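Since the structure comes first, as structure tokens, the remarks are kept for the end.
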Amino acid sequence: MSIREAPLTASEEAVSDGEPRRRSAGQAVHSGGGRKRAARSGQWWVPWLFLAPALILFLYFKFIPMAQAMVMSVQDVQPYLGNTWVGTANYTEILSSQGFRSATWNTIVLAIGTTFGSMALGFGLALLVEGQTRKLSFIRSAAFLPVVVPMAVVAELWRIMYHPTSDGLMNQVIGLVGLGPSGFINHPDTSLASIVVTGIWRGAPYDMMIFLAGLAGIDRGLYEAATVDGASTRQRILHVTLPGLRAVFAILFVLAAVRGFRSFTEVFLLTNGGPNGSTEVVMTLIYKLGLEQNRLGVGSAGAVLLFAATLVLTVCVQLLRRRRTA
């Protein structure tokens, strides 16, 4: 028998048999890992599948109309007759309009009043109802009710309370402190302030919940250290609570400002821009230009200007926030 044909020993058979087994096991491990990676990489579309219905609705009812409004803002829109290009004529017309300047001023006043008023009231409510007891949970839920109530219902409720006669609910309330009956939304001098109060009443509970979430993230040890150092409640709020809520204030400022700039339903249902245009805001003016006067091009130009102002405000706030945190 030749050397090549000599039979293998038991140990050599074990070695020769074991190496293929080890090699096949390693191949199995690598192939298993490859299948897992392939499975993970093949599921990237699953989250988008769940988001698809909402994204389609946003695309169809929000983003496409926004693009169409930008196109219409540089056209003379004539339904069923064809649109003609007018360039910046619509922007020139609406910017030179006294009604638009007055509506812009009213919008700014309304946005500032509702923003700072709702934030201040929401912060105060958050400090009062902070805690984990069952009673506080009920109070927080009750305070949050104005946010979930439809705006149309809120506007109708306050319209009834603002009844200008002495029998009106708000006139009875101010009568308790010796003030005479007021016209509220029926008088040019008090109509805008009355709408601001309505906006604060509805926006403050939302801000309260955001503040509560921010308060939960502040280290309790800071309060304990401040108490040991003899800090009063006011000092703890100024030096511990407010610095810990800087990010929350920045977020709420943007949200509340955008909410104020886009005020429409409460103004439309309470006063419709009256009396004598004292509560006319940009949103109601755009509505009247586009749907009542059939000047869709000019109305679209106003909508684009409002969007640009909101975008600039948001970007400026974010830039200031990044500078402070840097």
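Could you check how many residues of region 288-323 are within 24 Å of N90 (Cβ to Cβ) and within 25 Å of the chain's Cα centre (by Cα)?
Step one: filter region 288-323 for residues within 24 Å of N90 (Cβ to Cβ), giving 288-313.
If we keep only those that are within 25 Å of the chain's Cα centre (by Cα) too, we end up with 299-313.
Looking only at that region, the number is 15.
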Would a scan of region 110-122 turn up a residue that is more than 20 Å from the chain's Cα centre (by Cα) and either assigned to a helix (DSSP H, G or I) or of a type in the set (D, E) (or both)?
no
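Confirm whether R321 is touching a residue at least 24 places away in the same chain (Cβ under 8 Å), closer than 30 Å to A213 by Cα and part of a helix (DSSP H, G or I). Can you show your working first?
Numbers: touching a residue at least 24 places away in the same chain (Cβ under 8 Å): yes; closer than 30 Å to A213 by Cα: yes; part of a helix (DSSP H, G or I): yes.
Yes, satisfied.
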Out of the residues in region 114-143 meeting the condition of being surrounded by fewer than 17 Cβ atoms within 10 Å (Cβ to Cβ) and touching a helix residue (DSSP H, G or I) at 6+ places or on another chain (Cβ under 6 Å), tell me which one is nearest to G203 (Cα to Cα).
I139
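Of everything in region 256-285 that's aliphatic (A, V, I, L, M) and surrounded by fewer than 18 Cβ atoms within 10 Å (Cβ to Cβ), which residue is modelled with the highest pLDDT?
To start, the set of residues in region 256-285 that are aliphatic (A, V, I, L, M) comprises 256-258, 267, 269-270, 281-283, 285.
Narrowing further to those that are surrounded by fewer than 18 Cβ atoms within 10 Å (Cβ to Cβ): 258, 269.
Numbers: V258: 85, L269: 91.
Within region 256-285, the match that is modelled with the highest pLDDT is L269.
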Are any residues in region 198-237 at pLDDT below 90 and touching an Asp or Glu at 6+ places or on another chain (Cβ under 6 Å), and if so, which ones?
L215
With respect to the numbered conditions (1) small (G, A, S); (2) at pLDDT 90 or above; (3) at positive phi, which one is the sole condition not fulfilled by S102?
(3)
By residue number, the members of region 286-312 that are buried (at least 24 other Cβ atoms within 10 Å of the Cβ) and among the hydroxyl-bearing types (S, T, Y) are S300
Does region 163-186 include one or more residues that are of a type in the set (A, V, I, L, M), surrounded by 15 or more Cβ atoms within 10 Å (Cβ to Cβ), out of contact with any Asp or Glu (no Cβ under 9 Å at 6 or more places or on another chain) and touching a residue at least 24 places away in the same chain (Cβ under 8 Å)?
yes
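Just checking, which of G183, G178 is out of contact with any His (no Cβ under 8 Å at 6 or more places or on another chain), at pLDDT below 85 and farther than 26 Å from F253 by Cβ? It would help to see each step written out before you state the result.
On the way: G183 fails: at pLDDT below 85.
Unique residue meeting the criteria: G178.
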Odd one out for I237 among (1) crowded, with 17+ Cβ neighbours inside 10 Å; (2) in contact (Cβ under 8 Å) with a residue 40 or more places away in the chain:
(1)
If the Cβ limit is 6 Å and pairs must be 6+ apart or interchain, which residue in region 47-70 that is touching a residue at least 12 places away in the same chain (Cβ under 8 Å) pairs with which residue that is aliphatic (A, V, I, L, M) and in a helix (DSSP H, G or I)?
A69/A303; M70/V304
Which numbered condition F100 fails, given (1) surrounded by 14 or more Cβ atoms within 10 Å (Cβ to Cβ); (2) among the aromatic types (F, W, Y); (3) assigned to a loop (DSSP other than H, G, I, E, B)
(3)
May I ask you to verify whether I108 is surrounded by 14 or more Cβ atoms within 10 Å (Cβ to Cβ), at pLDDT 90 or above and under 30 Å from L242 (Cα atoms)?
yes
Let me spell it out: the conditions are (1) closer than 27 Å to N186 by Cβ; (2) in a loop (DSSP other than H, G, I, E, B), and N294 meets all of them except one. Which number is the exception?
(1)
Out of (1) surrounded by 15 or more Cβ atoms within 10 Å (Cβ to Cβ); (2) of a type outside the set (K, R); (3) modelled with pLDDT of 90 or more, what's the single condition that is false for L95?
(1)
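The values are calculated or read from the model by the stated rules, or taken from the named source; none is laboratory data. All of these numbers come straight from a predicted model, not from anything done at the bench. We place every Cβ from the backbone using ideal geometry, glycine too, and count neighbours over all the protein chains shown.
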